[in-house]
Amino acid sequence: MLLITLLPVLAPVFIATAIGVVWAKSGAEYPSDFIGKLVMNIGTPCLIVASLAHTDVELASISRVALAAALTILLTGIAGAFILRLSGQPLATYLPPLILPNNGNMGLPVCLFAFGDQGLALALGYFLVMMLSTFTFGITLVAGSGNWRRTAAQVGRQPVLWAMVVGVIILLADVALPKWIGNTVDLLGGFAIPLMMITLGVSLGRLKVKRWQRSIVYSVLRIGGGLLVGWLVSMALGLSGTERGVVLLQSAMPVAVFTYLLALRYERDPQEVAAMVVASTVMAFGVLPVILWWLL
């Protein structure tokens, strides 16, 4: 019975990721940079608008999940900084992987298959907060400087942010999209999640990992600590049902692949961060069935 419940949720995620890994190992060309831009600039914004246009989830519910996301990231960051200071490890290298989970490539499909369209709409609220945190605090921390004007301009150029604004307006106005627009965003938003999963697999297949010991410890902190903080925040905010389930799942996601790209760009020990991405993702496939069994 447990297998029947979990298989429809995890099998699509695992298979799509495995396709990406096999593709990378085969040596076949995969333009990750182009596909990443396609997903983030077109697919995901259309997915956000389509999901919010079709959902019956109230804006207040999405706002509660977004608040939970902000609190979870903040508290995880405080705890992570404290642990790293005690252990003498550089914050610029290890804090972003500890506090920025893979809420897009992995979190969105898991929440979709676990809780349906309602879960996807709520998961997008969590995802947006994580994206804003990445393009503000994450980049500033890794880069080692704080040009807030440039950071604000960079955030303002993100299509996902404006897609969320459009989606919120649709929810508040309680209007339906014209049929041709609705069909267009449905079509373009449909490629976002499959390409996210395959690209995740390709990224995992290409990463070169040489050091495992510390990465395993920090992967446990990312998943276990994120889950614990997410649970505490959910309790404090009085979340229940799908709201609580989405917050717990998104809080327990593995290290975001984007943190490796940041480490590579700013030379913040990318090999160590790559090991955390791989170790935490493998760990997540073992932990997620337990979390889903608990939630479902």
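Once segment 171-186 is narrowed to residues that are hydrophobic (A, V, I, L, M, F, W, C) and modelled with pLDDT of 95 or more, the residue that is farthest from residue 122 (Cα to Cα) is 180. Taking the criterion of being more than 23 Å from residue 116 (Cα to Cα) and exposed (fewer than 15 other Cβ atoms within 10 Å of the Cβ), the residues of segment 1-26 that qualify are 22, 25, 26.
Evaluate segment 84-100: report whether one residue or more is buried (at least 22 other Cβ atoms within 10 Å of the Cβ), under 18 Å from residue 161 (Cα atoms) and either out of contact with any Asp or Glu (no Cβ under 8 Å at 6 or more places or on another chain) or of a type in the set (A, V, I, L, M, F, W, C) (or both). Scanning segment 84-100, I find at least one residue that is buried (at least 22 other Cβ atoms within 10 Å of the Cβ), under 18 Å from residue 161 (Cα atoms) and either out of contact with any Asp or Glu (no Cβ under 8 Å at 6 or more places or on another chain) or of a type in the set (A, V, I, L, M, F, W, C) (or both), so the answer is yes.
Any residue at all in segment 252-272 that's farther than 16 Å from residue 103 by Cβ, of a type outside the set (Gly, Ala, Ser) and touching a Leu at 6+ places or on another chain (Cβ under 8 Å)? For segment 252-272, residues farther than 16 Å from residue 103 by Cβ, of a type outside the set (Gly, Ala, Ser) and touching a Leu at 6+ places or on another chain (Cβ under 8 Å): present. Anything in segment 94-146 that is in a helix (DSSP H, G or I) and either on the phi > 0 side of the Ramachandran plot or small (Gly, Ala, Ser) (or both)? List them, or say none. Passing the criteria: 104, 107, 114, 116, 119, 121, 123, 125, 133, 138, 143. Residue by residue through segment 171-185, note down the ones that are loosely packed, with under 11 Cβ neighbours inside 10 Å and either part of a loop (DSSP other than H, G, I, E, B) or on the phi > 0 side of the Ramachandran plot (or both). Within segment 171-185, 174, 175, 178 qualify. State all residues of segment 230-255 that are of a type in the set (A, V, I, L, M, F, W, C) and either more than 18 Å from residue 66 (Cβ to Cβ) or within 16 Å of the chain's Cα centre (by Cα) (or both); if no residue qualifies, say none. Of everything in segment 230-255, those that are of a type in the set (A, V, I, L, M, F, W, C) and either more than 18 Å from residue 66 (Cβ to Cβ) or within 16 Å of the chain's Cα centre (by Cα) (or both) turn out to be 246, 247, 248, 249, 252, 253, 255.
For the criterion of being surrounded by 20 or more Cβ atoms within 10 Å (Cβ to Cβ) and either under 16 Å from the mean Cα position of the chain (by Cα) or modelled with pLDDT under 95 (or both), residue 47 passes.
The values are calculated or read from the model by the stated rules, or taken from the named source; none is laboratory data. Quantities reported herein were computed from a predicted structural model and do not represent experimental measurements. Here Cβ is always computed from backbone atoms with ideal geometry, including for glycine, and neighbour counts include all displayed protein chains.
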